[in-house]
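Please read the structure below before turning to the comments.
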């Protein structure tokens, strides 16, 4: 299995900070961070789902707002 080497000092600092906050090793902190990001992305609605939800909202809203009622006395 390949190894991950962090050469960017700012990334290393972030990994150390997270490890301290979680009370785990840097390796475990990086593993958890990557796993959490994968789960977050997988749980996001697809663009198709977002479009379908928006279309449903617009359809329902538009149905109510399409009918223009003329002012009284002008019917």
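Here are some notes:
- Taking the convex hull of the alpha carbon positions in region 9-65 and averaging its projected area over all directions gives 6.1 nm².
- A helix-only calculation puts the chain at -23000 deg cm²/dmol for mean residue ellipticity at 222 nm, using -39500 (n - 2.57) for each DSSP H run of at least four residues, averaged over all residues.
None of the figures in this text is laboratory data; all of them are computed from the coordinates on show. For clarity, every value in this text was computed on a predicted model and none was experimentally measured.
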